[in-house]
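The values are calculated or read from the model by the stated rules, or taken from the named source; none is laboratory data. Here the structure is a predicted model, which is why all the values come from computation and not from measurement. Cβ placement follows ideal geometry from the backbone for every residue including glycine, while neighbour counts extend to all protein chains displayed.
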Amino acid sequence: MPLLQISLRAGKPEAYRQAIFNSLYRAMREALNVPEDDQFMAITEHDAANFRYGNAYGVARSDDVVYIQITVFNTRTVEQKKALFRRIAELLGESPGVRPEDVFVNIVDAAKENWSVGHGLAQFA
Amino acid sequence: MPLLQISLRAGKPEAYRQAIFNSLYRAMREALNVPEDDQFMAITEHDAANFRYGNAYGVARSDDVVYIQITVFNTRTVEQKKALFRRIAELLGESPGVRPEDVFVNIVDAAKENWSVGHGLAQFA
Amino acid sequence: MPLLQISLRAGKPEAYRQAIFNSLYRAMREALNVPEDDQFMAITEHDAANFRYGNAYGVARSDDVVYIQITVFNTRTVEQKKALFRRIAELLGESPGVRPEDVFVNIVDAAKENWSVGHGLAQFA
């Protein structure tokens, strides 16, 4: 039940964006062990004037930067988070071929009681 | 002062999207007792290629899935959160008629000092 | 490495939106002392039917409301947050000329281990 918000520059083909979804889902399966079909993600495409990135922290980013914000249970360990970052970069590198410099990920922690995945219930509280 | 970000597939009529805002506002009034006219929400519409959902957790979702991310004071109780989830599903079910399976809600907690609702002030710090 | 999501009504000129980025970056440099070129921001523009604001908390907002959600290290002090809010409102007031009533800011705290700013690494863990 992680909820993912992905922001990138507009103009990539549909197959490219589907590959982003597929690789993120696979990374969550492997690193976080999420259940099958636990895919809750949306991509927002931005014109150049609505998208800003810098080169801070010694990373040579390009127009292909992808911002990935993942809201997830606050029970995840540091090791799980590290594994998730690593697998996301690896898999996005394989498909659709995002450069590792262009993979920017941020995790937001949310308590188990903060999720309703349908029917108005707090399934994990 | 909850801040709401709503993501859904593109193509619903304007009245449908206004009804989502109205029902979410009413649910927050009832379950969280927010002040009158405490409405701070934006909807992002996504093409099919930019929107991904799965059927994890035994919920038969459809293309009408609505992702609702609510950032709110970290002082809300579990009971308030449960009431909010319940009322959101009920009211979105009444208007515009979202199936309970398609209501996906995530709460992000933010401290009182984390809000400025105008004038550059931290009104709740 | 704050990650910023900015939502506003569609239709503002490109220079207006660039000025928002510039002022937010400058405010973060001054109030949070972020490194040079630490700019990670995206603007989402919304049609009227997809954007809702109210006048709660005695603030007379207008269609020019800007929602700014800033995810940042959870190590920031209350004083830094207050300074950030103040500088954002001041600088957006100067350029592009947003009224102080229309500046709505929310901070989301994220632990140092929750960030990967490239290469699949957790640079700050």
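So here's what we get for this one:
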{"read-out": "Top-ranked residue of the stretch A:28-49 - restricted to ones that are more than 24 Å from C:Gln5 (Cα to Cα) and touching a residue at least 24 places away in the same chain (Cβ under 8 Å), ranked as surrounded by the fewest Cβ atoms within 10 Å (Cβ to Cβ)", "value": "A:Glu30"}
{"read-out": "Of the criteria (1) of a type in the set (Asp, Glu); (2) touching a Gly at 6+ places or on another chain (Cβ under 6 Å); (3) within 24 Å of A:Asn74 (Cβ to Cβ), which one B:Asp37 fails", "value": "(3)"}
{"read-out": "Subset of the stretch A:42-67 (residues that are farther than 30 Å from B:Phe104 by Cβ, hydroxyl-bearing (Ser, Thr, Tyr) and within 19 Å of the chain's Cα centre (by Cα))", "value": "A:Ser62"}
{"read-out": "Qualifying residue in the stretch B:59-74 (condition: free of Cβ contacts under 8 Å to residues at least 12 places away in the same chain and either touching a helix residue (DSSP H, G or I) at 6+ places or on another chain (Cβ under 7 Å) or surrounded by fewer than 21 Cβ atoms within 10 Å (Cβ to Cβ) (or both))", "value": "no"}
{"read-out": "Matching residues, the stretch A:83-125, being among the hydroxyl-bearing types (Ser, Thr, Tyr) and surrounded by fewer than 20 Cβ atoms within 10 Å (Cβ to Cβ)", "value": "A:Ser95"}
{"read-out": "Any strands (runs of 3 or more DSSP E) falling wholly within the stretch C:1-102 and containing at least 2 residues that are more than 9 Å from every other protein chain (Cβ to nearest Cβ)", "value": "C:66-73"}
{"read-out": "Residue satisfying condition, being touching a helix residue (DSSP H, G or I) at 6+ places or on another chain (Cβ under 6 Å), within 14 Å of chain B (Cβ to nearest Cβ) and either within 30 Å of B:Arg86 (Cα to Cα) or modelled with pLDDT under 95 (or both), within set A:Val117, A:Val108", "value": "A:Val117"}
{"read-out": "Residue satisfying all of: in the stretch C:11-27; of a type in the set (Phe, Trp, Tyr) and within 21 Å of C:Phe51 (Cβ to Cβ); surrounded by the most Cβ atoms within 10 Å (Cβ to Cβ) among these", "value": "C:Phe21"}
{"read-out": "Among residues of the stretch C:103-125, those that are part of a strand (DSSP E or B) and within 30 Å of A:Ala89 (Cβ to Cβ), counted", "value": "7"}
